[in-house]
Amino acid sequence: MAVAEAKGRDGPDFSVLPEGCIATVVSFTSPPDACRLASVSSIFKSACDSDAVWASFLPPDWRPMVSRSASSLKELYFSLCDDPVLVGDGKMSFSLDRHNGKKCIILSARALSITGNDRLIMRSERALSITRDDTQSYWSWNHMPNSRFREVAELIKVSWLEIRGTISSRMLSPRTLYAAYLVFKFTHKRNGFQMRAFEVGAGFAGYEVGKRSVYLSRTKRSSLWYGINRPPVYIPLESDEGDDSYPKERRDGWLEIELGEFLTEDGQDGEVEMSVVDAKGNRCLVALVVEGIEIRPKDGK
Amino acid sequence: MATSRKVTLLSSDGESFEVEQSVAVESITIKDSIEEGSAGNPIPVPKVNSKILAKVIEYCKKHVESAKAEDRVDDEDLVAWDADFVKVDQATLFDLIRAANFLNIKSLLDLTCQTVADMIKGKTPEEKRKTFTIRNDFTPEEEEEVRRENQWAFE
């Protein structure tokens, strides 16, 4: 076995430290660091793979939340990152962000409040609440193979819609900047959502929540002019086009639009409210499929 | 009723240190041997030389004193003091880790390990091998295998 001597500064050899101490050092770094450090030497690999290190990266209360078994805590950690756990009677998906071990939750469509209205705009303000027991069929509950849940909500037709969700911050990791995203897709390109603005927000109930205006459809008005009596023409955005007010494509094939961000703090338990509110337009909306609302640490780690 | 009881610690190179018992028992190892009645007098501290033992005692004294202070504003001062305490060369830092580990002083172990962690966080394995002397005992094939297992962290 070849031994390469790395000559650093006149520093001591790391191997003077017992493996347990190396593990303690590694537990103060991060999951990506622990995985990179494993290739430094065999002692490091042993320390980096140890349960002592991965116990410190898992959330402190992981044990009651998880009933799966694994041959090591490192294996369990990555299993929770790659293979979400369905909780809450299958209505919520729980996983970890692999970069930092923070909790990520997706509220399925069944866990949200989805409200719609089928009357044309300016005729009726009556909003009908769509719940599991509702017989009005503006939405249908279908199974979709690409979904992680048993059912997704598929929009049949409304003229106005609103989606709301809440989550207790106790379900999330403390001292973390989180963002909420509506996860959805369209089953038809002509869905009425082109240039239709929605007001979105996410934040703690009872506090001032900054709202912003977004679109759910990745289309823009074409600059081509077809004449005064012709309706506007919409064309799709390129994949690198569009700022934060347009949805982004996810790796799992769905779209997502950020609703807002909020900071969880130690000892501050509260209800986080997330909302997507139609700004009203004069077209009917169809063909929207809602997977749910995802809450995960904001990029930037 | 706390009497000012003193104990004597004997470093591996034969130097004696007289300290308050309340300071000495910051080390769970020493505390256990006193309670079991198996500690001699002076209490020998093998593996820890006088230079390091002096620093360990300095740390324990400071932390015992701070715990007594009624004024909790001292917390920030203590953090600043700790930061200065670990501004030492790497060899001393490693010796402090080993001493804290052997003597079972959790707060000192956490402080020194965190300091080393801050030095190696976010670096590539090559950079880490340069900051500290680390003997790489993997063959190129073995190293490649470990990298492959942990591919995502390198992206």
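Taken together, the values in this text are just the output of simple stated rules run on the coordinates, not laboratory data. Given the structure is predicted, the values throughout are model-derived calculations rather than measurements. So basically every Cβ, Gly included, is an ideal-geometry build from the backbone, and we count neighbours across all protein chains shown.
In table form, for the structure just shown:
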item	result
Point-charge dipole on Cβ atoms (K/R +1, D/E -1) for the protein assembly as shown, about Cα centre, debye to 20	2180 debye
Reachable lysines from B:K130, criterion Cα separation under 24 angstrom, eight or more residues apart if same chain	A:K7, A:K45, B:K87, B:K121
Furthest towards positive pole of dipole, A:F149, A:N191, A:P174, structure part the range A:148-226, Cβ charges	A:N191
Under 27 Å from the Cα of A:K280 - lysines, other chains or at least 8 residues apart	A:K157, A:K185, A:K189, A:K211, A:K220, A:K248
Chain B - mean residue ellipticity at 222 nm from DSSP helices (-39,500 (n - 2.57) per run, n ≥ 4, rounded to 500)	-17500 deg cm²/dmol
Once exposed loop trypsin sites (Lys or Arg not before Pro) are cut out (DSSP; at most 11 other Cβ, 10 Å), longest piece of chain B	B:88-155
Crossing angle, helix A:73-82 versus chain A [Cα axis fit, 0-90 degrees, rounded to tens]	20 degrees
Residues in the range B:83-101 that a label on B:I28 would reach, taking backbone N under 17 Å of a point 7 Å out along Cα→Cβ	B:97-101
Charge dipole (the protein assembly as shown, unit charges on Cβ, about Cα centre) - positive-most of B:I120, A:L285, A:L259	A:L285
Top positive-direction residue, dipole computed over chain A with Cβ charges, set A:V66, A:I43, A:F28	A:V66
Sequence of A:D243, B:D89 once ranked by neighbouring C-beta atoms within 10 Å, starting from the fewest	A:D243, B:D89
Peptide-level mean, for A:41-54, of C-beta atoms on other protein chains within 10 Å	3
FRET efficiency, 1/(1 + (r/R0)^6) with R0 30 Å, evaluated for A:N142 and A:V87 via beta carbons	0.85
P(r) of the protein assembly as shown over all Cα-Cα pairs, binned every 20 Å from zero, in whole percent	20, 39, 27, 12, 2, 0
Dipole magnitude of chain B, debye to nearest 20 (Cβ charges: Lys/Arg +1, Asp/Glu -1, about Cα centre)	380 debye
Chain A - mean residue ellipticity at 222 nm from DSSP helices (-39,500 (n - 2.57) per run, n ≥ 4, rounded to 500)	-4000 deg cm²/dmol
Share of alpha-carbon pairs per 5 Å distance bin for the range A:28-123, given as whole %	2, 12, 20, 18, 13, 9, 7, 5, 4, 3, 3, 2, 1, 1, 0
For the range A:146-167 versus the range A:42-87, the gap between their alpha-carbon centres in whole angstrom	33 Å
Modelled FRET efficiency - R0 30 Å, B:Q21 with A:A55, Cβ distances, 0.05 increments	0.35
Binned Cα-Cα distances of the range A:244-289, short to long, each 10 Å bin given as a whole percent	16, 37, 32, 13, 2
Rounded, prolate or oblate (a/c below 1.5 giving rounded, otherwise prolate when a/b exceeds b/c) for the range B:36-145 by Cα gyration tensor	oblate
Residues A:C104, B:C60, sorted so that the one with the fewest Cβ neighbours within 10 Å comes first	A:C104, B:C60
Distance between the range A:13-35 and the range A:228-271 - C-alpha centres, whole angstrom	40 Å
Within chain A, longest stretch clear of exposed GluC sites (Glu not before Pro) (DSSP loop, no more than 13 other Cβ within 10 Å)	A:6-124
